[in-house]
1. If you check residue 133 against the conditions, is it in a helix (DSSP H, G or I), touching a residue at least 12 places away in the same chain (Cβ under 8 Å) and closer than 19 Å to residue 62 by Cβ?
2. Is there any pair linking a residue in the range 177-191 that is free of Cβ contacts under 8 Å to residues at least 40 places away in the same chain and assigned by the TED database to the domain that holds residue 155 to one that is assigned to a helix (DSSP H, G or I) and of a type in the set (Val, Ile, Thr), with Cβ under 7 Å and at least six apart or on different chains, and which?
3. Residues to consider are 75, 100, 89; find the one that is touching a His at 6+ places or on another chain (Cβ under 6 Å) and either buried (at least 17 other Cβ atoms within 10 Å of the Cβ) or not basic (Lys, Arg) (or both).
4. Based on what the data block shows, is residue 202 closer than 24 Å to residue 260 by Cα and either touching a residue at least 24 places away in the same chain (Cβ under 8 Å) or in the same structural domain as residue 239 (by the TED database) (or both)?
5. Are there helices (runs of 4 or more DSSP H) fully within the range 160-271 with at least 3 residues that are open to solvent by 80 Å² or more (accessible area, probe 1.4 Å) and not polar (S, T, N, Q)? List them.
6. Hey, which of the helices (runs of 4 or more DSSP H) in the range 34-98, taking only ones fully inside, have at least 2 residues that are of a type outside the set (Ser, Thr, Tyr), more than 20 Å from residue 130 (Cα to Cα) and free of Cβ contacts under 8 Å to residues at least 12 places away in the same chain?
7. Testing residue 274 on (1) modelled with pLDDT under 80; (2) open to solvent by 90 Å² or more (accessible area, probe 1.4 Å); (3) of a type outside the set (Phe, Trp, Tyr), one condition comes back false. Which one is that?
8. Can you pull out the residues in the range 148-159 that are in a helix (DSSP H, G or I) and open to solvent by 10 Å² or more (accessible area, probe 1.4 Å)?
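The values are calculated or read from the model by the stated rules, or taken from the named source; none is laboratory data. Everything numeric in this text was worked out from a predicted model, so none of it was measured. Heads up, the Cβs are rebuilt from the backbone with ideal geometry, glycines too, and the neighbour counts pull from every protein chain shown. With ligands, DNA and RNA removed, areas are computed over all heavy atoms of the protein, side chains included. Shrake-Rupley method; radii C 1.70, N 1.55, O 1.52, S 1.80 Å.
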Amino acid sequence: YVPPQVRKSQEILDDKKREELGRLKKMVNGLINRLSEPNLPSISGQMEDLYMANSRKDMNETLTDILMNACVTAVAMPSRLMMEHVLLVSILHHNVGVEVGAHFLEAVVKKFDEICKSDAEGKECENLLALIAHLYNFHVVHSLLIFDILKQLVSAFTEKEIELILFLLKNVGFSLRKDDALALKELITEAQRKANTAEKKFQDQTRVRFMLETMLALRNNDMRKIPGYDPEPVERLRKLQRTLVRSSGKETQLRVSLESLLSADQVGRWWIVGSSWSGAPMIDDTNKKTQQKLHIGKVSSKIMELARKQRMNTDIRRSIFCVLMTSEDFLDAFEKLLG
């Protein structure tokens, strides 16, 4: 039962919070709508001020929602616009804290996984993949995640996946080669093997051939063989990033795998320092182990009755009580509890 006066004050608090969040959303939306390369320094500065003035949780959720609505649409988004939005996230990630980039990255990866598994006809998948690619380009996430996504796409190897592999390699292929040439070589070998086994499955072989040619061009570091490849816009924005970021890019890169991001709700977010975790499986496992450890032989009904009288209301409490009551001395009790 909640008394009326408490209920009323709670409703007032909820309304106040809703109003504050609405106001915050309006302010962040206004800044994102004006976002462009020339005014990035001023907008990132204003966003940092908002982070200082509001709760990080509210800011992260608001920023992620607004960016997802702006960038994840059914039509292909202009590459320049994507880069500017991700660059803003990258600057806040380095200057405010890694939880900014981590929150956005997790939302993007989960949405990408969900849409890829569905049969969506639009360009949402490519837009989400572009966001992930640029989060890597601007040093928010490590190449480990990109290789995980590429491995997943190669293992599925349908026409849709081939297009996504080509799209990703065009955006980050040469950076991947620089970061981990061996992993890229292994990926190319796996893709060639898949292409050979799935040869009869595709009516149109040209896309598969083009993908393999693109991969070989990457391996040989031959940029001319990749049509439409232009590293200049990313390089220009990286220069701008270096002037706006107060810490080195490498030390705040999130070295997180695809599996860790997708199962974050179950196993926690180890990549965010001090991140709270509401999952319970690990706690349950500990309880089971403790119960197994403390499982002792049959004890007399007299001891069990005593345990009940002392309100030992869980198996662990009863087991500890029985060990203490039936031990010869403190050393015997210690040994039994450890065993």
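1. Working: in a helix (DSSP H, G or I): yes; touching a residue at least 12 places away in the same chain (Cβ under 8 Å): yes; closer than 19 Å to residue 62 by Cβ: no.
When the stated conditions are applied, residue 133 does not pass them.
2. From the range 177-191, the pairs are 190/154; 191/154.
3. Working: 75 fails: touching a His at 6+ places or on another chain (Cβ under 6 Å); 89 fails: touching a His at 6+ places or on another chain (Cβ under 6 Å).
Being touching a His at 6+ places or on another chain (Cβ under 6 Å) and either buried (at least 17 other Cβ atoms within 10 Å of the Cβ) or not basic (Lys, Arg) (or both) holds for just one of 75, 100, 89, which is 100.
4. Numbers: closer than 24 Å to residue 260 by Cα: no; either touching a residue at least 24 places away in the same chain (Cβ under 8 Å) or in the same structural domain as residue 239 (by the TED database) (or both): yes.
For residue 202, the condition - closer than 24 Å to residue 260 by Cα and either touching a residue at least 24 places away in the same chain (Cβ under 8 Å) or in the same structural domain as residue 239 (by the TED database) (or both) - is not met.
5. Values: elements: 181-197, 206-219, 232-244, 258-262, 264-267.
Because the criterion is at least 3 residues that are open to solvent by 80 Å² or more (accessible area, probe 1.4 Å) and not polar (S, T, N, Q), the helices (runs of 4 or more DSSP H) in the range 160-271 that meet it are 181-197, 206-219, 232-244.
6. Details: elements: 40-53, 56-71, 79-95.
The qualifying helices (runs of 4 or more DSSP H) are 40-53.
7. Status for residue 274: all satisfied but (2).
8. To start, the set of residues in the range 148-159 that are in a helix (DSSP H, G or I) comprises 148-156, 159.
Answer for the range 148-159, where residues must be in a helix (DSSP H, G or I) and open to solvent by 10 Å² or more (accessible area, probe 1.4 Å): 148, 151, 152, 155, 156, 159.
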